[in-house]
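The block underneath contains the structure these notes are about, expressed in structure tokens.
Any read-out appearing in this document is the output of simple, stated calculations on the displayed coordinates, not a laboratory observation. Computed from a predicted model, the values in this text were never measured in an experiment. All Cβ positions, even for glycine, are placed from backbone atoms using ideal geometry, and neighbour counts span all protein chains on display.
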Amino acid sequence: MTQPTPTVLLEEYLRTLKLSAMLREYPVVARQAADQKATYEQFLQQLAELEVNQRHTASIQRRIKAAKFPVLKELDAFDFTAVPKLNKPRVLELAQCLFIERRSNLTLNGPPGTGKTHLAIALGIEACRRKHRVRFYTASQLANLYLEAREDRQITKLEGQIKRHDLIIIDELGYIPLDRRGAEHLFSFFSQCYEQTSLIVTTNLPFTEWPQIFANDQRLAGALIDRLTHHVDILELIGDSYRLKASRKKKPRPRKGGDTPDKT
Ligand code: ADP
Ligand code: MG
């Protein structure tokens, strides 16, 4: 019987060890190392580095996927000139994600279309890049999850899953008022996360109007705001809707003496 060649054996070992980047790249790296008269250590280090880099990229992708962002939005694509009152250095500092290590929260407040969801997702992606476990929900998705879990007597399990995250984004708090049960569930959620899991909350309503989200319960809304804002950064997005501005820009200019453009 003929012996397998060294490369066949090598490839089998690399496959067994699940070193897929090394398996893919070793012929090229080996050739380059020979050309450059690199040492064995340099060759091995270069190959190991490729494996480490590939794993790092794959784990970021896995965390981004697990976060279930509705779309992917990056900080680079955020036009800060559109919201001049927003404190850009503060946003860039938040993107370093130290607030997550401090278990502190962030609220993004402002009218529709001002970039709250965009910023929340962009910060969430930065957190994924820094090895944090992130999850995105809209407020109504989260309330529904609690309602379903309640029916199946699975609330403890749900809260266990929630606690495994380092950062949870709650988008669109205030768009849909919650009923009594929904309000109580979200209160339970905020209590669970207090000083345990960082939150980013986006909302169109000032805190004074939060009771109307939470079944008009002043006390419950007050206690919830108290927990959320004990350690918090509040970013106000003031300005016109970016969507509206973008669609206005796209509209053709009216002909001279023609109809005035509509102002939607
Ligand atoms: P909000 O959540 O405040 O209603 P979004 O974040 O959903 O607003 O923004 C609406 C759309 O406009 C999205 O496509 C978003 O990417 C874009 N957008 C909003 N603000 C900006 C901005 N300052 N720079 C770039 N894109 C923006
Ligand atoms: Mg939004």
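Tally Lys/Arg at +1 and Asp/Glu at -1 over every other residue whose Cβ is under 14 Å from the Cβ of Arg219; what's the total?
Here the charged neighbours net out to -1.
Quote the FRET efficiency, to the nearest 0.05, computed for Arg153 versus Thr57 with a Förster distance R0 of 45 Å and r equal to the Cβ-Cβ distance.
0.65
Grab the other residues whose beta carbon is less than 11 angstrom from that of Glu195, score K and R as +1, D and E as -1, and report the net.
So the environment of Glu195 carries a net charge of +3.
Just report the Cα centroid separation between region 29-97 and region 224-252, whole Å.
Cα centres, region 29-97 to region 224-252: 28 Å.
Can you pull the one-decimal nm distance between simple spin-label points at Lys68 and Glu236, each 7 Å off the Cα toward Cβ?
So the label points at Lys68 and Glu236 sit 3.4 nm apart.
Mean separation of Cα pairs under 8 Å and 6+ residues apart, divided by the residue count of the chain: what relative contact order is that in percent? If you can, show how the numbers build up before the last one.
Values: 331 pairs, mean separation 58.8, N = 264.
Relative contact order, the chain: 22 percent.
How long is the gain from Leu44 to Thr81 if the chain were fully straight, where each residue apart is worth 0.36 nm and the alpha carbon distance is subtracted?
This chain segment gains 8.6 nm when fully extended.
Once fully extended, how much extra length lies between Thr7 and Thr208, figured as 0.36 nm per residue of separation less the alpha-carbon to alpha-carbon distance?
Full extension from Thr7 to Thr208 adds 65.4 nm.
Quick one: compute a quarter of the convex hull surface over the Cα atoms of the chain and quote it in nm². List each step's numbers first, then the result.
Working: hull surface 100.0 nm².
If I average the Cα hull's projected area over directions, I get 25.0 nm².
Rank-order 75-82, 128-135 by packing density, defined as the average count of other C-beta atoms within 10 Å over each peptide's residues, highest first.
Put in order of decreasing packing, that is 128-135, 75-82.
What order, most packed first, do the peptides 220-231, 36-47 have when packing is the mean number of other Cβ atoms within 10 Å of each residue?
220-231, 36-47
Please work out whether region 6-66 counts as rounded, prolate or oblate from its C-alpha gyration tensor, where a ≥ b ≥ c are the square roots of the eigenvalues and a/c under 1.5 means rounded, while otherwise a/b larger than b/c means prolate and anything else oblate?
Working: a/c = 3.14, a/b = 1.66, b/c = 1.90.
It is oblate, given that a/c is not under 1.5 and a/b is not larger than b/c.
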